[in-house]
Amino acid sequence: MSERATGAGPGLDFRARGERVSPRRRGAWGWVDVRGRRLGQWAFILNRLTGLGLLVYLFLHLGVLSMLAVGPGAWDGFVSTALTPAFLALDVVLIFGLLFHGLNGLRITLVGLGLVVNRQQALFVALMVFGAIALLIAGLRIFAVG
Amino acid sequence: MRERAVDPETGRSAWKGGREAERPAWGWILQAVTGVLVLILITVHMVANHFIVSRGLRDYRDVIAYLSNPIVMVWELVFLIVVTWHGLLGLRAVLFDFGFSPRTERRITRLLSVVGVAAVAYGMWLTAVIVSRG
């Protein structure tokens, strides 16, 4: 079975030795099918989900900024709303998405350039540890505001 | 249905039957380049607009003053262009993995291009409106 047929690129073998991965493909919804996944595949799925979420957020964000065109009352009213606990919790979700997508994307780029191909699991773990610390600091700062 | 596989690293479709070889890598290269740029642009955006600002958001007057700085204006507009491009390229890659016909794929590309240009045009208009209040 080729690496390609299992849906994994070379150097991405996070799975334990000997684990079977079905070579059968999963149809159009294959990328959200979680059965028999390895760490690299989880990273791939989460990368796409956070990416789609961030794209939705981008357009929401652009829409919200239109309140600046309405005037000071509209914008400053929004600022007060955004400081409520529910919005602050969503900010933490946003920061998680940004950190995961950004740091995982950095890993994909470095590996795609042929750098750190042999150490990519260590790279992934290191980036995720960094991301977790950054998320913790951001979360504490966000709720210190509220 | 055509058999398909997805390279979890690149997110590119790895079509059986050699289709992968026919598809140029420019999509991946552009995604990586815009991705690295977004990482730099968004870090400054987040720190400048949220982390060093009291309460995490600028009030109306502060936004106008901040965005009236030409360096900031250019930075934010470049960020808008690059992040929109990166996001829509990503959506395009996700959609293309559903295995549409080449004709549908071209339509998707055109539609997403229009969406991207509209988003950037909107951002430029909004920037002009905000700065004109200064």
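The values are calculated or read from the model by the stated rules, or taken from the named source; none is laboratory data. Because the structure is predicted, anything quoted here is derived from the model rather than measured. Positions of Cβ are backbone-derived with ideal geometry, glycine not excepted, and every protein chain shown enters the neighbour counts. Only protein heavy atoms, including side chains, enter the accessible area calculation; ligands, DNA and RNA are left aside. Shrake-Rupley method; radii C 1.70, N 1.55, O 1.52, S 1.80 Å.
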Over the heavy atoms of B:Met73, what accessible area does a 1.4 Å probe trace out, to the nearest 10 Å²? 50
Subtracting the Cα-Cα distance from 0.36 nm times the residue separation, let me have the gained length for A:Phe130 to A:Val93 in nm, one decimal. 11.7 nm
Evaluate peptide B:55-66: per residue, the Cβ atoms of other protein chains within 10 Å of its Cβ; return the mean as an integer. 5
Amide H partners (placed H, <5 Å) of A:Val116, local residues excluded: none
